[in-house]
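To start, the structure under review is shown below, and the notes come after it.
The values are calculated or read from the model by the stated rules, or taken from the named source; none is laboratory data. This structure is a prediction, so every number in the text was calculated from the model and none was measured. Cβ placement follows ideal geometry from the backbone for every residue including glycine, while neighbour counts extend to all protein chains displayed. Heads up: the accessible areas ignore ligands, DNA and RNA and are worked out on the full protein's heavy atoms, side chains in. Shrake-Rupley method; radii C 1.70, N 1.55, O 1.52, S 1.80 Å.
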Amino acid sequence: MANAAVCGRFLLHRSARGFLFCRAIPTFSSPSLCRAHRLGPSDDEMYQRTTVSVMQKEPGSGVMITSYSSHGFNIDGNRVFGPCAVLPPAILQWNVASYKDITEESVSLFHMLEPRIEILVLGTGARLERINPSVLTLLKKKGIAVEVQDTPNACATFNFLTSERRVTAAGLIPPPISTALELTNE
(Lines give C-alpha, C1' and ligand atoms only; values in the text may rest on other atoms or scores of the structure.)
Protein backbone atom coordinates (compact mmCIF):
# COMPACT_ATOMS: atom_id res chain seq x y z
CA MET A 1 0.00 0.00 0.00
CA ALA A 2 2.87 2.34 0.83
CA ASN A 3 4.52 1.64 -2.54
CA ALA A 4 1.32 2.65 -4.36
CA ALA A 5 1.19 5.96 -2.48
CA VAL A 6 4.86 6.71 -3.25
CA CYS A 7 4.35 5.79 -6.91
CA GLY A 8 1.21 7.98 -7.07
CA ARG A 9 3.08 10.95 -5.56
CA PHE A 10 5.92 10.44 -8.04
CA LEU A 11 3.53 10.44 -11.02
CA LEU A 12 1.69 13.51 -9.74
CA HIS A 13 4.96 15.31 -9.08
CA ARG A 14 6.26 14.45 -12.56
CA SER A 15 2.97 15.37 -14.25
CA ALA A 16 2.85 18.71 -12.43
CA ARG A 17 6.19 19.58 -13.95
CA GLY A 18 5.00 18.47 -17.40
CA PHE A 19 7.27 15.46 -17.79
CA LEU A 20 4.64 12.75 -17.85
CA PHE A 21 1.65 14.41 -19.48
CA CYS A 22 2.03 16.81 -22.35
CA ARG A 23 -0.57 18.44 -24.53
CA ALA A 24 -0.59 16.98 -27.98
CA ILE A 25 -2.65 17.99 -30.94
CA PRO A 26 -4.87 15.06 -31.90
CA THR A 27 -3.75 13.42 -35.12
CA PHE A 28 -7.27 12.42 -36.16
CA SER A 29 -9.83 15.13 -35.68
CA SER A 30 -12.47 13.69 -37.98
CA PRO A 31 -14.79 11.00 -36.56
CA SER A 32 -14.60 9.14 -39.86
CA LEU A 33 -10.84 8.74 -39.42
CA CYS A 34 -11.00 7.69 -35.79
CA ARG A 35 -10.66 3.97 -35.01
CA ALA A 36 -13.70 4.13 -32.76
CA HIS A 37 -16.04 5.02 -35.63
CA ARG A 38 -18.41 2.15 -36.33
CA LEU A 39 -20.55 1.63 -39.37
CA GLY A 40 -24.20 1.14 -38.61
CA PRO A 41 -27.07 -0.23 -40.67
CA SER A 42 -27.91 3.29 -41.88
CA ASP A 43 -24.49 3.56 -43.58
CA ASP A 44 -25.53 0.89 -46.08
CA GLU A 45 -29.13 2.06 -46.59
CA MET A 46 -28.13 4.13 -49.57
CA TYR A 47 -27.87 1.01 -51.69
CA GLN A 48 -30.76 -1.05 -50.23
CA ARG A 49 -29.06 -4.25 -51.35
CA THR A 50 -25.73 -5.82 -50.72
CA THR A 51 -24.17 -8.12 -53.27
CA VAL A 52 -21.26 -10.49 -53.05
CA SER A 53 -19.22 -11.25 -56.15
CA VAL A 54 -17.80 -14.75 -56.20
CA MET A 55 -14.90 -14.63 -58.61
CA GLN A 56 -14.54 -18.38 -59.02
CA LYS A 57 -16.55 -20.86 -57.03
CA GLU A 58 -14.68 -23.98 -56.03
CA PRO A 59 -16.43 -27.23 -56.89
CA GLY A 60 -18.15 -28.78 -53.88
CA SER A 61 -17.83 -25.64 -51.77
CA GLY A 62 -21.53 -25.55 -50.91
CA VAL A 63 -24.18 -22.89 -51.39
CA MET A 64 -23.34 -19.19 -51.29
CA ILE A 65 -25.62 -16.28 -50.47
CA THR A 66 -24.98 -13.83 -53.30
CA SER A 67 -27.36 -11.03 -52.26
CA TYR A 68 -30.16 -10.04 -49.91
CA SER A 69 -32.89 -7.42 -49.83
CA SER A 70 -35.98 -6.66 -47.79
CA HIS A 71 -37.85 -9.19 -49.94
CA GLY A 72 -35.53 -12.14 -49.50
CA PHE A 73 -32.30 -13.69 -50.68
CA ASN A 74 -30.47 -14.79 -53.80
CA ILE A 75 -28.73 -18.06 -53.01
CA ASP A 76 -26.71 -19.63 -55.84
CA GLY A 77 -29.07 -18.06 -58.40
CA ASN A 78 -32.23 -19.15 -56.57
CA ARG A 79 -34.54 -16.33 -55.43
CA VAL A 80 -35.95 -17.06 -51.98
CA PHE A 81 -38.69 -14.74 -50.73
CA GLY A 82 -39.00 -14.08 -47.01
CA PRO A 83 -37.18 -15.84 -44.16
CA CYS A 84 -35.28 -18.96 -45.17
CA ALA A 85 -33.35 -21.88 -43.75
CA VAL A 86 -30.16 -22.62 -45.67
CA LEU A 87 -29.17 -26.21 -44.98
CA PRO A 88 -26.32 -28.26 -46.43
CA PRO A 89 -28.64 -30.18 -48.78
CA ALA A 90 -31.45 -27.63 -49.37
CA ILE A 91 -32.88 -24.12 -49.15
CA LEU A 92 -36.25 -23.95 -47.40
CA GLN A 93 -38.79 -21.30 -46.42
CA TRP A 94 -38.55 -20.74 -42.67
CA ASN A 95 -41.83 -20.03 -40.90
CA VAL A 96 -40.72 -17.09 -38.72
CA ALA A 97 -41.68 -13.45 -39.07
CA SER A 98 -39.23 -11.89 -36.62
CA TYR A 99 -36.57 -12.85 -34.10
CA LYS A 100 -39.36 -13.29 -31.51
CA ASP A 101 -40.64 -16.27 -33.52
CA ILE A 102 -37.34 -18.15 -33.21
CA THR A 103 -38.36 -20.85 -30.73
CA GLU A 104 -37.27 -24.36 -29.82
CA GLU A 105 -39.83 -25.65 -32.30
CA SER A 106 -38.65 -23.43 -35.17
CA VAL A 107 -35.00 -24.51 -34.75
CA SER A 108 -35.87 -28.23 -34.47
CA LEU A 109 -35.24 -28.45 -38.20
CA PHE A 110 -31.55 -27.66 -37.67
CA HIS A 111 -30.75 -30.27 -35.03
CA MET A 112 -32.51 -33.14 -36.85
CA LEU A 113 -30.16 -33.03 -39.84
CA GLU A 114 -27.69 -35.74 -40.75
CA PRO A 115 -24.79 -35.15 -41.04
CA ARG A 116 -24.97 -32.96 -37.97
CA ILE A 117 -24.25 -29.29 -38.52
CA GLU A 118 -21.38 -27.73 -36.59
CA ILE A 119 -22.51 -24.11 -36.63
CA LEU A 120 -25.90 -22.45 -37.02
CA VAL A 121 -25.77 -18.81 -38.13
CA LEU A 122 -28.93 -16.86 -37.25
CA GLY A 123 -29.63 -13.55 -39.02
CA THR A 124 -32.16 -11.54 -37.00
CA GLY A 125 -32.95 -8.77 -39.52
CA ALA A 126 -31.50 -5.27 -39.65
CA ARG A 127 -30.25 -5.37 -36.06
CA LEU A 128 -28.68 -7.91 -33.77
CA GLU A 129 -31.47 -9.13 -31.48
CA ARG A 130 -31.41 -11.32 -28.39
CA ILE A 131 -32.64 -14.86 -28.93
CA ASN A 132 -34.57 -16.74 -26.23
CA PRO A 133 -31.96 -18.41 -23.95
CA SER A 134 -33.88 -21.70 -23.97
CA VAL A 135 -33.33 -21.94 -27.74
CA LEU A 136 -29.58 -21.41 -27.34
CA THR A 137 -29.46 -23.97 -24.51
CA LEU A 138 -31.27 -26.57 -26.62
CA LEU A 139 -28.85 -26.13 -29.53
CA LYS A 140 -25.86 -26.28 -27.21
CA LYS A 141 -27.15 -29.57 -25.73
CA LYS A 142 -27.43 -30.91 -29.29
CA GLY A 143 -23.78 -29.98 -29.94
CA ILE A 144 -24.47 -27.10 -32.33
CA ALA A 145 -22.59 -23.83 -31.97
CA VAL A 146 -24.78 -20.77 -32.62
CA GLU A 147 -23.74 -17.41 -34.05
CA VAL A 148 -26.45 -14.73 -33.77
CA GLN A 149 -25.91 -11.63 -35.93
CA ASP A 150 -27.77 -9.05 -37.94
CA THR A 151 -28.67 -10.48 -41.36
CA PRO A 152 -26.00 -8.69 -43.47
CA ASN A 153 -23.23 -10.01 -41.22
CA ALA A 154 -24.89 -13.42 -40.91
CA CYS A 155 -24.83 -13.79 -44.72
CA ALA A 156 -21.12 -12.96 -44.82
CA THR A 157 -20.36 -15.29 -41.90
CA PHE A 158 -22.29 -18.13 -43.52
CA ASN A 159 -20.40 -17.65 -46.81
CA PHE A 160 -17.06 -17.58 -44.99
CA LEU A 161 -17.78 -20.74 -42.98
CA THR A 162 -19.09 -22.53 -46.06
CA SER A 163 -15.99 -21.57 -48.06
CA GLU A 164 -13.90 -23.17 -45.28
CA ARG A 165 -15.95 -26.34 -45.85
CA ARG A 166 -17.51 -26.26 -42.38
CA VAL A 167 -20.86 -28.02 -41.99
CA THR A 168 -22.92 -24.87 -41.58
CA ALA A 169 -26.60 -23.94 -41.71
CA ALA A 170 -28.28 -20.54 -41.56
CA GLY A 171 -31.65 -19.23 -40.46
CA LEU A 172 -32.10 -15.82 -42.06
CA ILE A 173 -34.74 -13.11 -41.67
CA PRO A 174 -34.55 -10.39 -44.35
CA PRO A 175 -33.97 -6.87 -43.06
CA PRO A 176 -37.01 -4.59 -43.39
CA ILE A 177 -37.23 -1.78 -45.94
CA SER A 178 -35.46 1.29 -44.66
CA THR A 179 -37.35 4.56 -44.51
CA ALA A 180 -34.30 6.70 -43.82
CA LEU A 181 -33.78 7.70 -47.45
CA GLU A 182 -37.36 8.16 -48.62
CA LEU A 183 -38.00 11.42 -50.45
CA THR A 184 -40.88 13.57 -49.38
CA ASN A 185 -42.63 16.09 -51.60
CA GLU A 186 -43.48 19.30 -49.84
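Annotations
- Residue that is modelled with the lowest pLDDT, among those in region 114-136 that are closer than 12 Å to ARG166 by Cα and part of a loop (DSSP other than H, G, I, E, B): PRO115
- Only residues that are outside any loop (DSSP other than H, G, I, E, B), loosely packed, with under 12 Cβ neighbours inside 10 Å and not hydrophobic (A, V, I, L, M, F, W, C) were counted across region 79-99, and they come to 1.
- Scanning region 139-165 for residues that are free of Cβ contacts under 8 Å to residues at least 60 places away in the same chain and open to solvent by 40 Å² or more (accessible area, probe 1.4 Å) yields LYS140, LYS141, LYS142, GLY143, ALA145, VAL146, GLU147, ASN153, PHE160, GLU164.
- Hits in region 100-112 (condition: surrounded by 12 or more Cβ atoms within 10 Å (Cβ to Cβ) and either assigned to a loop (DSSP other than H, G, I, E, B) or in contact with a Lys or Arg (Cβ under 6 Å, 6 or more places away or on another chain) (or both)): ILE102, THR103, GLU104, SER106, VAL107, HIS111
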